Amino acid sequence: MGTSVQVTPLCGVYNENPLSYLVSIDGFNFLIDCGWNDHFDPSLLEPLSRVASTVDAVLLSHPDTLHLGALPFAMKQLGLSAVVYSTEPVYRLGLLTMYDQYLSRKQVSDFDLFTLDDIDSAFQNVTRLTYAQNHHLSGKGEGIVISPHVSGHLLGGTVWKITKDGEDVIYAVDFNHRKEKHLNGINQASFVRPAVLITDAYNALNNQPYRRQKDKEFTDTIKKTLRSDGNVLLPVDTAGRVLELVQILESCWADENLNYPIFFLTYVASSTIDYVKSFLEWMSDSIAKSFEKTRENAFILKRITLLVNKSELDNAPDGPKVVLASMASLEAGFSHDIFVEWATDPKNLVLFTERAQFGTLARMLQADPPPKAVKVTMSRRVPLVGEELIAYEEEQNRIRKDEALKASLIKEEESKSAQGADVSTSDPTVVDASNTHSLLDAAGPHGGGYRDMLIDGFTPPSTSAAPMFPFYENNSDWDDFGEVINPDDYVIKDADMDQGAMHVGGDMDGKLDEGSASLILDTRPSKVVATELTVQVKCSLIYMDFEGRSDARSIKSILSHMAPLKLVLVHGTAEATEHLKQHCLTHVCPHVYAPQIEETIDVTSDLCAYKVQLSEKLMSNVLFKKLGDYEIAWVDSEAGKTENGALSLLPISTPAPPHESVLVGDLKMANFKQFLSDNGVQVEFAGGALRCGEYVTLRKVGDASHKGGGSGTQQIVIEGPLCEDYYKIREYLYSQFYLL
């Protein structure tokens, strides 16, 4: 029996809701992603609340709200206490995303689902890994290895590989195969034939144009609006796909020497760019090579101004401008307010670069045809004045008095209990406090004069028979050089350094963003004033796909290449999920699942895997050959058992029978073409075959898809007359394989 694997969706199947899935591997529970939507609807987290306490580890794949937005709430309210794993950019940018979400809502509502302290507390549990780093779990997860790999969607975005007993479980959602300005695409070669593949159907019905064509259309549309004296609003996320848009605009403005101002406006804009500057090793090869040659950081922005307060935008010079503002859903944040101001001008443009979440204002505006008018709520926080301020202060004073009274009562109870305990066990010379009070009461008014005595120095505690000043004995160890110290007491913890350098929207020097600081440090009593408005939508509304996800054609091709033994589909509309499911059943593998919320499916591998021990005598005669990350060898042996009952392989007692030679490897014709060319052989592709020199031809025949997990029947055929070239090409061909 193979490794036991069960998958239970908690949110995000047969719809576009946030992503959250429970994956159990041999009893070890992974919560993969912990997303929430921009409505922060607690009802979406009910399935998570029922299993949060059983989670052993959390894996985060991307630094946006849909993948990690519920983490602070789950840690605070739902009993989630497991260690969290992510890449460094997902940790840093995810933290900034949650700061921006909180600050955007606290400014316009009495948001109380979580606080900034809750966000800090949740992200303190994050263990950061680098791409392709194998992290071995311990304890309950002994034998399980987790490894993050490039997803190509967001900076630091991850495809998680979980390995147990040689079987891979791959979690690959929101991946992108295309190289972009700031990101590399997914490396498909790392995920061939996993036991289980969990992927999404989000883009299963959508196809995209080529990237260069799309980029040109994007910039041409913006320039057309600006030249018509209009403004352009791009509702964006906090620290995700906005980074690609920033690079596109920077490049276009530099190439064409444009002077129209561009503003990036979020509560944590400067912090976001400061951190991104330090993540060049996580970005595309082109950015890394450019930095190596010129030492210029691609995210030192020369044409984009970073803003953290809308008043700075209001004070900007009049004229056409481009503003990238959070949130992408238009439900909150600066983008909401700017849309209300600009929507009534036909010259302006609102350019959406991603499909908005269901039920949001942005999704409503992306409808075809778009609405001519929308109802919005304009909210703002104003200080309390007059009678409201007086009433608020009186209420706060009453609350403080109640708390002080409760504290004094509790202290008195503790004092009484301490006195009672001491009287029964202390020296008999101590006077009983209760008797003392009785005597004083009996003494009448004269006795009462001694109660409020002035004692110079300190008041002797009632529990002390012989009161004295406190004395602390120094029991420290000493050596020839003085007192022995513990060096750990003087080490600044990494977590403390992180919090000091990055406290609430702080930049790399630990400073607060002005907008964040003004909101956090403003302790004046205030209230939220809301106004319902009907906004006439006269501006242009355009949607262009810059989500950074593979399209339908690419997804189907990539799944065929991966050839998983079992496939689990999540996150996508019902139509998209069913479409991809039927395609995969026909072209990828016969075991395709699309579970409902809280439906547990068993995707345990059908392979029969056994652990065996190789005896020392057998190992001494085995010659291993290295193949990638593995070492392989042909072994002739007999099966037996050790003293403790474990299976063991022993040398055979009779001479080993001869076996046919086995060639191990996976030849890529394009790579072999380059190899032959490097060795001086004239080679070219012709008619689906590789023509080598004048007489020899190589071609692959058979089925390479490994459908259903069966062994492939693909063969490489070499054709040509028996001549010197034939034998030379055949020798080169054999050199590409391992011969056993």
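The values are calculated or read from the model by the stated rules, or taken from the named source; none is laboratory data. What you see is a predicted model; the values in this text were computed from it and never measured. Counting neighbours? That spans all protein chains shown, and the Cβs are built from the backbone with ideal geometry, glycine included. In case anyone asks, the SASA skips ligands and DNA or RNA and just uses the protein heavy atoms, side chains included. Shrake-Rupley method; radii C 1.70, N 1.55, O 1.52, S 1.80 Å.
Sort segment 94-148 into rounded, prolate or oblate with this rule: let a ≥ b ≥ c be the square roots of the eigenvalues of the Cα gyration tensor; rounded if a/c is under 1.5, and if a/c is not under 1.5, prolate when a/b is larger than b/c, oblate otherwise.
Numbers: a/c = 4.68, a/b = 2.66, b/c = 1.76.
Cα axes put segment 94-148 in the prolate bin.
Once the 1.4 Å probe is applied to the protein heavy atoms, the chain comes out at 52 Å² accessible per residue. Per-residue extension of 0.36 nm, minus the Cα-Cα distance of Asp489 and Arg699, leaves a gain of 68.8 nm for this segment. Other residues with beta-carbon under 10 Å from the beta-carbon of Ala325 carry, at +1 per Lys or Arg and -1 per Asp or Glu, a net charge of 0. Only one residue of Val529, Thr225, Leu95 has its Cα farthest out toward the positive end of the dipole of the chain, where Lys and Arg carry +1 and Asp and Glu -1 on Cβ, and that residue is Thr225. Beta bridges per DSSP, both residues in the chain: antiparallel share near 60 percent. Just subtract the alpha-carbon distance of Leu113 and Lys625 from 0.36 nm times their residue separation and send over the number in nm, one decimal. Difference between extended and current length: 178.6 nm.
Of all beta bridges DSSP finds with both residues in segment 79-205, what is the antiparallel percent, to the nearest 5?
On the way: 14 of 22 bridges.
Of all bridge pairs located within segment 79-205, approximately 65 percent are antiparallel.
Once you have a ≥ b ≥ c as the square roots of the Cα gyration tensor eigenvalues for the chain, tell me rounded if a/c is under 1.5, and otherwise prolate or oblate according to whether a/b is larger than b/c. Judged from the Cα gyration tensor, the chain comes out oblate (a/c at least 1.5, b/c at or above a/b). Under 19 Å of direct C-alpha separation, and excluding same-chain neighbours fewer than eight residues apart, Lys641 reaches these aspartates and glutamates: Glu616. Note on Ser121 and Ser735: with the Förster distance fixed at 60 Å, the Cβ-Cβ geometry gives a FRET efficiency of about 0.60. Note on Ala288 and Ser661: the extension gain reaches 129.8 nm, defined as 0.36 nm multiplied by sequence separation minus the Cα-Cα distance. The modelled label-to-label distance between Leu533 and Glu638, using points 7 Å beyond Cα along the C-beta direction, is 8.8 nm. Given a 1.4 Å probe and the protein chains as shown, Thr130 ends up with an accessible area of around 70 Å².
Given Lys556/Lys625; Lys214/Lys277; Lys556/Lys700, which pairs have Cα atoms separated by over 32 Å?
On the way: Lys556/Lys625 35 Å; Lys214/Lys277 26 Å; Lys556/Lys700 22 Å.
Result: Lys556/Lys625 exceed 32 Å.
With a Förster radius of 51 Å, plug the Cβ-Cβ distance of Lys140 and Glu393 into 1/(1 + (r/R0)^6) and report the FRET value to the nearest 0.05. Efficiency, rounded to the nearest 0.05: 0.45.
For segment 1-157, what mean projected area does the convex hull of the alpha carbons give, in nm²?
9.6 nm²
Modelled spin-label separation between Cys723 and Thr654, with each label point placed 7 Å from Cα along the Cα-to-Cβ direction: 4.9 nm. Using the Cβ-Cβ distance between Glu578 and Ala367 with R0 set to 22 Å, the FRET efficiency from 1/(1 + (r/R0)^6) comes to roughly 0.40.
Modelled spin-label separation between Glu217 and Ser615, with each label point placed 7 Å from Cα along the Cα-to-Cβ direction: 6.9 nm. Each Cα pair under 8 Å and six or more residues apart adds its sequence gap; the mean of these over the residue count of the chain is a relative contact order of 17 percent. Annotation: peptides 405-413, 660-668, ranked by per-residue average of other Cβ atoms within 10 Å with the highest first, follow the order 660-668, 405-413. Shape of segment 78-216 from its Cα gyration tensor (a ≥ b ≥ c, root eigenvalues): rounded if a/c is under 1.5, otherwise prolate when a/b > b/c, or oblate? Since a/c reaches 1.5 but b/c is at least a/b, the shape of segment 78-216 is classed as oblate.
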